[in-house]
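Trainee: One structure coming up, written as structure tokens, with questions to follow.
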Amino acid sequence: MERLSDWYDHPEYYEAIFGTDTEREMDFLLEVGRRYGTGGKRLLEPACGAGRLVAEAARRKCEVVGYDISEKMLAHARQRLTPAQRRRVHLYPSRMETFYRPELEGQVDMAFNMVSTFRYLDSEAAALAHLEGTRRLLKPEGVYVLGFHLTDYDRRKPEHERWVERLGKDTVVCNTHEGLPERRARRSAMRNRLRITGPGKDLLIETHWYFRTYDLAQVRRLFRRAGLRVLEVFDFDYQVEVPRKRGEIRLDSIFVLQSMKSPA
């Protein structure tokens, strides 16, 4: 068995796990934009990764801007685009807390980030800078659709998720482990193991990092500081007709955010 590190250096295997609901996610996003935002098709994806949603949006005739810190992910994203899609897509290397393009200020109909990448921002200052920077790029009625898992600080057991997918003749098994939350440090230790087996192949890609933790009160305070209000909250089942009921608490959350300066 060959051992490797950093799943972001291997976009094809990362995509095998997270690329299964792409069409359904884009259906959800465009309907959220229609119901809660401008309904326009100028989109922004922070931390766009290997570009599955970028490509799907471009396929649907949207104009898309994406950025990511990983050059390998961006290379994979560019490679997957058809010539026609490339004319509608602009991809940039950038961190989430520092991305800015002056030509985009006040011009984006919808930004979206759906798979907890927001929690990589490891301080309140970094998270605030990202949210404020994204807000600056939105149109007054534009929305930021932000999905991530909230933290139960009373949790007494580690959390574990497992997925199995096929990539050609290979089998990709993904195991993600989240340790107990550290309330004072506002973080939890993460470990991901990708095991890829197939004809003449046996790989183990193991990645370690920390995610920042948020309970509902903490993230709502952060949104207010960033000048954003919560229009609606959804679950990760992507059912736009079924927003979360007021007072209902679930950890998996998709927040629909809009500038506080926008009309009610």
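The values are calculated or read from the model by the stated rules, or taken from the named source; none is laboratory data. The structure displayed is predicted, hence computed values, not measured ones. Because the Cβ atoms are built from the backbone with ideal geometry, glycine has one as well, and the counts that use them run over all protein chains shown. SASA here: full protein model, heavy atoms, side chains in, ligands and nucleic acids out. Shrake-Rupley method; radii C 1.70, N 1.55, O 1.52, S 1.80 Å.
Trainee: At what distance in nm do the modelled label points of residue 22 and residue 75 sit from each other, each positioned 7 Å from its Cα along Cα→Cβ?
Mentor: 1.9
Trainee: Separate question: Taking the chain as a Gaussian network, Cα atoms linked when under 10 Å apart, which of 64, 233, 164 shows the biggest mean-square fluctuation?
Mentor: Answer for the Gaussian network model of the chain: 164.
Trainee: So what J values fall out for segment 243-250 if you push phi through Karplus, 6.51 cos²θ - 1.76 cosθ + 1.60 with θ = phi - 60°, rounded to Hz, Gly and Pro as x?
Mentor: Along segment 243-250, the couplings run x, 5, 6, 4, x, 6, 10, 9 Hz.
Trainee: Still on this structure: Of the accessible area of segment 206-245, with the probe set at 1.4 angstrom, what percent is carbon plus sulfur?
Mentor: 48
Trainee: While we're on this one: Name the residues whose placed amide hydrogens come within less than 5 Å of the amide hydrogen of residue 64, ignoring near sequence neighbours (fewer than 5 apart) on the same chain.
Mentor: Close amide H contacts, sequence-distant or interchain: 43, 89, 90.
Trainee: Roughly speaking, what is the stretch gain from residue 239 to residue 154, that is 0.36 nm per residue apart minus the C-alpha to C-alpha distance, in nm to one decimal?
Mentor: Going from the current span to full extension adds 27.7 nm.
Trainee: Here's a follow-up. Normalise the Debye intensity by I(0) for the chain, one equal point scatterer per Cα, no solvent, then take log10 at q = 0.07, 0.10, 0.11 Å⁻¹ and round to two decimals.
Mentor: Normalising to I(0) and taking log10 leaves -0.24, -0.50, -0.61.
Trainee: With Cβ to Cβ distances under 9 Å as the rule, what net charge do the other residues near residue 49 carry (K, R +1; D, E -1)?
Mentor: -2
Trainee: Follow-up question, since we're still on this one. Rounded to the nearest 0.05, what FRET efficiency do residue 124 and residue 34 give with R0 = 45 Å and r taken as the Cβ-Cβ distance? Could you check?
Mentor: With a Förster radius of 45 Å, E is 0.85.
Trainee: While we're looking at this one, here's another question. Quick query: amide H of residue 260 versus all other amide H atoms, modeled in the peptide plane; which residues come in under 5 Å with a sequence gap of 5 or more or a different chain?
Mentor: 228, 229
Trainee: List every residue whose amide H lies under 5 Å from the amide H of residue 150, counting only residues 5 or more places away in sequence or on a different chain, with H placed 1.01 Å from N in the peptide plane.
Mentor: Residues meeting the criterion, in which the H sits 1.01 Å from N, are 252, 253.
Trainee: Add +1 for every Lys or Arg and -1 for every Asp or Glu among the other residues with Cβ under 14 Å from the Cβ of residue 129, and state the total.
Mentor: Local charge sum for residue 129: +1.
Trainee: Could you work out how far apart the two model spin labels at residue 202 and residue 4 are, taking each label as a point 7 Å from the Cα in the direction of the beta carbon, and quote it in nm?
Mentor: Those two pseudo-labels are separated by 1.7 nm.
Trainee: Using every pair of alpha-carbon atoms in segment 128-261, split the distances into 10 Å bins beginning at 0 and state the percent of pairs per bin, rounded to integers.
Mentor: Result returned by the calculation: 10, 31, 31, 20, 7, 1.
Trainee: Follow-up. For the chain, modelled as a Gaussian network with Cα springs under 10 Å, which listed residue fluctuates most, 193, 166, 229?
Mentor: 166
Trainee: Give the relative contact order (percent, whole number) for the chain; include only Cα pairs under 8 Å separated by 6+ residues.
Mentor: 20 percent.
Trainee: From the helices alone, meaning DSSP H stretches of at least four residues, give me the mean residue ellipticity at 222 nm for the chain, per-run term -39500 (n - 2.57), in deg cm²/dmol to the nearest 500.
Mentor: Value at 222 nm, helices only: -7500 deg cm²/dmol.
Trainee: Here is a further query. If the chain between residue 101 and residue 184 were fully stretched, how many nm would it gain, using 0.36 nm times the residue separation less the Cα-Cα distance?
Mentor: Additional length available on full extension: 26.3 nm.
Trainee: Below 12 angstrom from the Cβ of residue 181, what's the summed charge of the other residues (Lys, Arg +1; Asp, Glu -1)?
Mentor: Once positives and negatives cancel, what remains is +3.
Trainee: I've got another one for you. Please list 183-189, 206-212 highest first by mean number of surrounding beta-carbon atoms within 10 Å per residue.
Mentor: With the highest mean Cβ count within 10 Å placed first, the list reads 206-212, 183-189.
Trainee: Sticking with this one: For a quick check of your reading of the filter: which chymotrypsin sites (Phe, Trp or Tyr not before Pro) in segment 11-112 sit in a DSSP loop and have no more than 13 other Cβ atoms within 10 Å?
Mentor: Within segment 11-112, the qualifying chymotrypsin sites (Phe, Trp or Tyr not before Pro) (loop, at most 13 other Cβ atoms within 10 Å) are 100.
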